[in-house]
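Novice: Pasting a structure here, questions to come.
Derivation of every value follows stated rules applied to the coordinates shown; laboratory data play no part. This structure is a prediction, so every number in the text was calculated from the model and none was measured. For neighbour counting, all protein chains shown are included, and Cβ atoms are generated from backbone atoms with ideal geometry for every residue, glycine included.
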Amino acid sequence: MNETQQQNEPMQRVGRVRRVSGQIVGIECEGDYRPRLQELLVAEDDSNVRLEAYAYREERLLYCLLLSPVSSLRRMATIVANGRQIAIPVGPE
């Protein structure tokens, strides 16, 4: 799948960043969509900010591992998901 196809996939709104502690990010989920664990999430306004859904605490609080520099994320940023899990390429393309 190329970058253009990935950008055309529908994005599901997850919620907003409520807390950041090092590489751990707390997201308050809004609406009905709940990402699966290990799902790749991105900031709505900057797709270079990437997170991995790691664990739920209660129904609406999702903890994520920040896979980008902490300085690239801001509090109250909207986080979205496209339903893909993190994939690591192996071998030649």
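Novice: Taking R0 as 22 Å, what FRET efficiency do you get between residue 85 and residue 23 from their Cβ-Cβ distance, rounded to the nearest 0.05? Walk me through the numbers before you get to the answer.
Specialist: Values: r = 19 Å, r/R0 = 0.86.
After rounding to 0.05, the efficiency reads 0.70.
Novice: Moving to a separate point now. Which loop-located trypsin sites (Lys or Arg not before Pro) does region 6-72 contain, where loop means any DSSP state but H, G, I, E or B and the Cβ has at most 10 other Cβ atoms within 10 Å?
Specialist: Passing sites in region 6-72 are 36.
Novice: Separate question: Hey, can you grab everything whose amide H is under 5 Å from the amide H of residue 67? Only 5+ residues off in sequence or another chain; H modelled, so Pro and N-termini drop out.
Specialist: Placed amide hydrogens put 50, 51, 52 under 5 Å from residue 67.
Novice: With only alpha-carbon pairs counted, each pair once and no self-pairs, how large is the Kirkwood hydrodynamic radius of the chain in angstroms?
Specialist: It works out to 13.4 Å.
Novice: Just for the Cα atoms in region 16-69, what are the lengths along the principal axes, largest first, rounded to whole Å?
Specialist: Computed over region 16-69, the largest-to-smallest principal extents equal 27, 20, 19 Å.
Novice: Now, a different point. What value, in deg cm²/dmol to 500, does the helix sum -39500 (n - 2.57) over DSSP H runs of n ≥ 4 give at 222 nm once divided by the residues of the chain?
Specialist: -1500 deg cm²/dmol
Novice: Pairs of alpha-carbon atoms within less than 8 angstrom and 6+ residues apart define the contacts here; what relative contact order does the chain have, in percent?
Specialist: 34
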